[in-house]
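Please treat every number below as a calculation from the coordinates, not as lab data. Just so we're clear, the structure is a prediction, and the values are computed from it rather than from any experiment. Every residue, glycine as well, gets a Cβ built from its backbone with ideal geometry; the counts of neighbours run over all protein chains shown.
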There are 2 protein chains.
Amino acid sequence: MAEKGPSRQRRGRPRQAEVARLAGVSQTTVSLVLGGNKQGIALHEDTRARVLAAARELGYVPDPAARRLAAARNNLLGVFSFTATFPTAVEHSYYPILVGVEQEAAAQGYDLVLFTGSSPGGAQAGDPGALNRVRLADGCLFLGRHVPDDQLRKLVVDGYPAVHIGRRDELEGLAWVGADYVAASAEVVRRLSALGHRRIVLVREDDDAPASTDREHGFRTALAECAGPRAADDPSAVVRTTHPADDITPGWVRDRLAQGVTAFVAEETDSGAAWRALHTAVAAAGLDAPDDLSLALLGSPPADLAAARPPTGFDIPRAELGAAAVRMLTAQLSGEEHTEPLVACGFRAGSTAGPPPGRTG
Amino acid sequence: MAEKGPSRQRRGRPRQAEVARLAGVSQTTVSLVLGGNKQGIALHEDTRARVLAAARELGYVPDPAARRLAAARNNLLGVFSFTATFPTAVEHSYYPILVGVEQEAAAQGYDLVLFTGSSPGGAQAGDPGALNRVRLADGCLFLGRHVPDDQLRKLVVDGYPAVHIGRRDELEGLAWVGADYVAASAEVVRRLSALGHRRIVLVREDDDAPASTDREHGFRTALAECAGPRAADDPSAVVRTTHPADDITPGWVRDRLAQGVTAFVAEETDSGAAWRALHTAVAAAGLDAPDDLSLALLGSPPADLAAARPPTGFDIPRAELGAAAVRMLTAQLSGEEHTEPLVACGFRAGSTAGPPPGRTG
DNA sequence: TTGTAGGCGTTATCAA
DNA sequence: TTGATAACGCCTACAA
């Protein structure tokens, strides 16, 4: 298997020792000069010049492996997603985050190592050591809700620098960054309230992911502020639906309207099921937003609905989220502790919300 | 600056020595066991098991830098793109290529390191050492046309395994993989010819990128076969347009038709300008493909036109391109030389081409 | 101001 | 079958 071959391709590459010989100084001096002389040690301008000249003549470039070995760090940040890093389907959720991760990592001088849950090195889904590969990097970012708790906990306990993207409180000691769904959802409700809406219904998926829970929390909090505690505690203010959302029908929408509801809010999820169902039901009922009722989306619309009228709601700053994760990780690496975990979502005015019908805004 | 802090954050990262202690063997033995025992040295099944267990317990992972320093390889493949690997403008995205790169790399047991071109560490655009970081990996893939020649040449001259994705002949000795635009473009012309078209016009951008040149070359070659050398040499058979393509107007289309042209071919580019212009002009002229004329696209339609009727043309197998690049790189690593550099593009029947009007196919 | 020496974590060559 | 020992190229006290 080409065991013997012309491997060791390092061949003709000059090392500091050769530069030293050519310049007539010691290898240490070369390291000092070429290393930028961090410790502010004084050296002859002469020596400096000779070394530089010799290095240029030989075309010297430092060996990154050696450099990193000596420095006890490799300037590598890991990115681990339990599913493939480049899934064909999930493209929409992770890609924008990676954009931010890459930018911030580059800005801070780190390169990225991509680990996939289903990679080789004997790292299958069930493998209890699957996560260990990330130790190769100085620290690692974790994406997705399916990262196994126990393995992650082991890394954290060992003091390995890790940051989870997405709120993750259950795992004690694990740093995370997440979108501030609570505040953003509350803001949407406040805007609707400012338009005159009092009875508002939230359509969410039947799932206890933090992302869903946080949205409901923000929704209820703001509702309590705007419409009083009774409105917020009303169980019918929040509807849990399944995927597909068979219960969100034109009839259901009409019923609600008849009961005085004037605005509907849906959460964004991977599938976009809640928003899609609401959208479809409203259209099928022959109703139109914002004239007959107001609609808002707690997140961004799925790609196939993006062409439609932009929904009122908020945008998750995914790139910013990635960048924030990198910042938190590098803060850990340099000994400083946590930076801000919550990233604010910007309100998106959109055009699916307006004053309730029969009322002048 | 965090210069002094509790750096040396290698902290808990276990090394072979600790595994050795735990397993009650020498560090050498650990290396032997964990290294896969390449030299076929015999060792007790007992020892082996103990070492493996200890390594797993400690979560041992070899240090890539040390590995590379000592053995000149670390099972890491680099991916370097001079611009961001994850650009915001989706159309420029390398994403589909990376999908293939990741899959093939995983299949061959390599992890991926993403080197971002715009990284500091003193690695700005002008920095002559920006590319040097890649030497940490066993070999590297290069993406995009803006990889600086001189630095890349240095790597190649030093014998560093590198593969460029996209044809790159100018750089002597640099291996590359690319889509076979020549053959694919020729095939499209042949199909059109088989339908009965004789006068065909190619709309391309005014750019001398290999991708454009190759398409024209294939176009002219096939045209010579099908319609004779006169047709192929006719300067009006190829139109160079700029971005935006103001010259591709409804009037221009009609003119051409009046002169006997029955089919138009556009090249795919980053911007999609040529195809978009053609598309728009034809529609504005009140014409329709394939009834009034035939259209073909040398590539895939831009995202915003993907919903329209699928154009006749070919698909660039981007994932396959990535996989081919990895194969070529690993071939270099194992001493074997070049594998096939050209990746075939599949013909896409689409539905914008048919027999010329007034003729029975 | 410069040089000497030791170590970073692995692999590889020999002895034992 | 296993264990010293010497690289690999660079960094960094510390000594001169």
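How far is A:G358 from itself in the other copies, in nm, if each label sits 7 Å out from Cα along the Cα-Cβ line, shortest first? Going from nearest to farthest copy, the values are 6.6 nm. More than 17 angstrom separation, counting every C-alpha pair in segment A:16-68; what % is that? Tail of the P(r) past 17 Å holds 28 percent of the pairs. Averaged over peptide A:68-79, the number of partner chain Cβ atoms lying within 10 Å of each residue's Cβ comes to 5. Across every pair of different alpha-carbon atoms, what Kirkwood hydrodynamic radius in Å does segment B:160-218 reach? Radius from the Kirkwood sum: 13.2 Å. Distance between the C-alpha centres of segment A:224-247 and segment B:152-222: 58 Å, rounded to the whole angstrom. Between B:V265, B:V203, B:V157, the residue with the greatest mean-square fluctuation in the GNM of chain B (Cα pairs under 10 Å linked by springs) is B:V157. On the beta carbon distance between A:R15 and B:A349, with R0 = 60 Å, the FRET formula returns roughly 0.55. Both radii come from the Cα set of segment A:184-232: Rg as radius of gyration, Rh as Kirkwood radius; their ratio Rg/Rh reads 0.97.
The modelled label-to-label distance between A:K154 and A:A42, using points 7 Å beyond Cα along the C-beta direction, is 5.5 nm. Qualifying chymotrypsin sites (Phe, Trp or Tyr not before Pro) in segment B:137-244, where qualification requires a DSSP coil assignment and no more than 16 other C-beta atoms within 10 Å, are lacking entirely.
Applying 1/(1 + (r/R0)^6) with r as the Cβ-Cβ distance of A:R56 and A:D315 and R0 = 41 angstrom yields a FRET efficiency of 0.25. Calculate the FRET efficiency for B:E170 and A:R190 from the Cβ-Cβ distance with a Förster distance of 45 Å, rounded to the nearest 0.05. With a Förster radius of 45 Å, E is 0.15. The antiparallel fraction among DSSP beta bridges confined to chain A stands at about 10%.
With viscosity set to 0.692 mPa s at 37 °C, what whole-number translational diffusion coefficient in µm²/s follows for the protein assembly as shown from Stokes-Einstein and a Kirkwood radius over Cα pairs? The diffusion coefficient I find is 112 µm²/s. Classify segment B:300-360: rounded, prolate or oblate, from the alpha-carbon gyration tensor (a ≥ b ≥ c, eigenvalue square roots; a/c under 1.5 rounded; otherwise prolate if a/b is larger than b/c)? Cα axes put segment B:300-360 in the oblate bin. Computed on chain B, with alpha-carbon pairs under 8 angstrom and 6+ residues apart, the relative contact order is 16 percent.
P(r) tail, segment A:202-350: Cα-Cα pairs separated by more than 22 Å, 46% of all pairs. Placing dummy labels 7 Å off each Cα toward the beta-carbon, the span from A:E337 to A:A306 is 4.0 nm.
Within the listed set A:R230, A:R50, A:R220, the Gaussian network model of chain A (springs between alpha-carbon atoms below 10 Å) gives the highest mean-square fluctuation for A:R50. Take B:D149, push a point 7 Å out from Cα through the beta-carbon direction, and compare it with the same point in every other copy: 5.9 nm, smallest first. The spread of Cα positions in chain A, taken along each principal axis and listed from longest to shortest, comes to 92, 48, 38 Å. Projecting 7 Å from Cα along the Cα-to-Cβ direction, the label point of B:D288 sits 2.8 nm from its equivalents in the other copies, listed shortest first.
One way to sum up the overall shape of segment B:175-280 is the equivalent ellipsoid from its Cα gyration tensor, whose semi-axes run 20, 19, 11 Å, largest first. For the protein assembly as shown, the antiparallel share of DSSP beta bridges with both residues in that region comes to about 10%. When chain A is treated as a Gaussian network with alpha carbon springs shorter than 10 Å, the biggest mean-square fluctuation among A:L131, A:L43, A:L155 belongs to A:L43.
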